[in-house]
Amino acid sequence: MYRGNNKTAITSQEMIAEACYGLLEKKSLADIRISELCQLAKVSRQTFYSLFQNKENVIIYLLINNYPDEIKDYMKAQNTDEMTLEHICHCFAIYMDGTLPMVKLVIRSGLSRLLAIAFYRGIICS
């Protein structure tokens, strides 16, 4: 998954993510073709693969980039670098509350394992 600062790449990433979310509302991730996703996002397959390894990475991107600001505010207010179980649980509750429509789509598609990956990358590793 691309993590640089190139504005064009970031815009393309967002267009792909938005297209994926729209398609995921209508069908499962397994039924979404890369070519269909690229056509809807108006990007080439080459662009897709330079930004994401696969469709699951798009879902992780969506999950990570929809973190509510309250999580960042909460962690700053804790004034500590140590992540406790209480902090993790509190952040997860905020996350679930703020991203429920996306979480429902992910679970409905049988991709709940991606929630753990996204939560780990977004909270624990940030």
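Select from segment 64-97 the residues that are small (Gly, Ala, Ser) and either surrounded by 12 or more Cβ atoms within 10 Å (Cβ to Cβ) or at pLDDT 80 or above (or both) and list them in ascending order.
First, the residues of segment 64-97 that are small (Gly, Ala, Ser): 77, 93.
The answer is ALA93, and nothing else.
Looking at TYR21, is it open to solvent by less than 70 Å² (accessible area, probe 1.4 Å), modelled with pLDDT under 90, of a type outside the set (Gly, Ala, Ser) and out of contact with any strand residue (DSSP E or B) (no Cβ under 6 Å at 6 or more places or on another chain)?
no
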| said: Being under 24 Å from PHE92 (Cα atoms) and open to solvent by less than 40 Å² (accessible area, probe 1.4 Å) is the filter here; which residues of segment 30-63 pass it? | reply: ASN57, VAL58, ILE59, ILE60, TYR61, LEU62, LEU63
| Where in segment 1-73 are there helices (runs of 4 or more DSSP H), lying fully within it, with 2 or more residues that are under 20 Å from PRO101 (Cα atoms)? | 7-24, 55-64
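The values are calculated or read from the model by the stated rules, or taken from the named source; none is laboratory data. Since this is a predicted model, take the numbers as computed values, not measurements. Because the Cβ atoms are built from the backbone with ideal geometry, glycine has one as well, and the counts that use them run over all protein chains shown. Only protein heavy atoms, including side chains, enter the accessible area calculation; ligands, DNA and RNA are left aside. Shrake-Rupley method; radii C 1.70, N 1.55, O 1.52, S 1.80 Å.
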